Amino acid sequence: PVPPKETTAADRLKLEREKFEESKKQKAENLRQSKESDRTSIMQTVGEFKEANKIVDELLADPYLDSAIGAIGKGTRLVPGTPQFDVQEKVTQLKSKLSIETIAQMKSLSKTGATGFGQLNEKELEVIQTNIANLNLAQGAGFRKNLEKVKSHVGRQTSVLSDSFKRKYNEAIFAETP
């Protein structure tokens, strides 16, 4: 039998260099995949933010908003087909979008990807929905101010996401302001 060939220092160096190059390629691929995943997630979130802002703008421009808020609007908000009922439905849609955003943030901050709530009950969902601003139409005059709070929050969160991506990847996520 032929004795095994002894590896020389040059052979070992070549093998180490090949391992290093393969490791570099794998790290670059992992970074690319991570960046694309982050980009997709941020773009989806920003899309939700834009939809939330659109609803806020529609509510603020709605001529029936004032007649839907407070105790006076309670009766008409409950009648399907009335403009005040439509206002109530837009508010419900806005609350839903903001709840989804809050839950997504909680999951992203968790090591396990969980919210920590388990199965949400109605009271916990209400807490999540009022995390940004109280959007209960019964509150009266403060409702418009709280809609403005939502707009400010959404703008800040978009900036936070954009800045975070830029710090992590040294690259802007948006070619223009979202």
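For a quick check of your reading of the model, give me the residue pairs whose first member lies in the range 23-41 and is farther than 17 Å from residue 171 by Cα, whose second is open to solvent by less than 100 Å² (accessible area, probe 1.4 Å), with beta-carbon atoms closer than 9 Å and at least 6 apart or on different chains.
none
What's the total number of residues in the range 2-54 that are modelled with pLDDT under 90 and of a type in the set (Phe, Trp, Tyr)?
Number satisfying all stated conditions: 1.
Filter the range 135-150 for residues that are open to solvent by 60 Å² or more (accessible area, probe 1.4 Å) and assigned to a helix (DSSP H, G or I) and give the result. Can you show your working first?
Start the filter on the range 135-150 by keeping residues that are open to solvent by 60 Å² or more (accessible area, probe 1.4 Å), which leaves 136, 139, 141, 144-145, 148-149.
Correct list: 139, 144, 145, 148, 149.
Quick one: would you say residue 39 is assigned to a helix (DSSP H, G or I) and either closer than 20 Å to residue 151 by Cβ or open to solvent by 90 Å² or more (accessible area, probe 1.4 Å) (or both)? Full working, then the answer.
Details: assigned to a helix (DSSP H, G or I): yes; either closer than 20 Å to residue 151 by Cβ or open to solvent by 90 Å² or more (accessible area, probe 1.4 Å) (or both): no.
No.
If you take the residues in the range 46-80 that are open to solvent by 90 Å² or more (accessible area, probe 1.4 Å) and in a helix (DSSP H, G or I), which one is nearest to residue 145 (Cα to Cα)?
Filtering the range 46-80 for residues that are open to solvent by 90 Å² or more (accessible area, probe 1.4 Å) and in a helix (DSSP H, G or I), the one nearest to residue 145 (Cα to Cα) comes out as 66.
Just to be sure before I move on: is residue 34 polar (S, T, N, Q), open to solvent by less than 70 Å² (accessible area, probe 1.4 Å) and within 30 Å of the chain's Cα centre (by Cα) in the structure I sent? Spell out the reasoning first.
Details: polar (S, T, N, Q): yes; open to solvent by less than 70 Å² (accessible area, probe 1.4 Å): yes; within 30 Å of the chain's Cα centre (by Cα): yes.
Judged against the criteria, residue 34 is a match.
The values are calculated or read from the model by the stated rules, or taken from the named source; none is laboratory data. Computed from a prediction, not measured in an experiment: that's the story for all the values here. Cβ coordinates were reconstructed from backbone atoms using ideal geometry, including for glycine residues, and neighbour counts include every protein chain displayed. Protein only, heavy atoms only, side chains kept; ligands, DNA and RNA dropped before computing areas. Shrake-Rupley method; radii C 1.70, N 1.55, O 1.52, S 1.80 Å.
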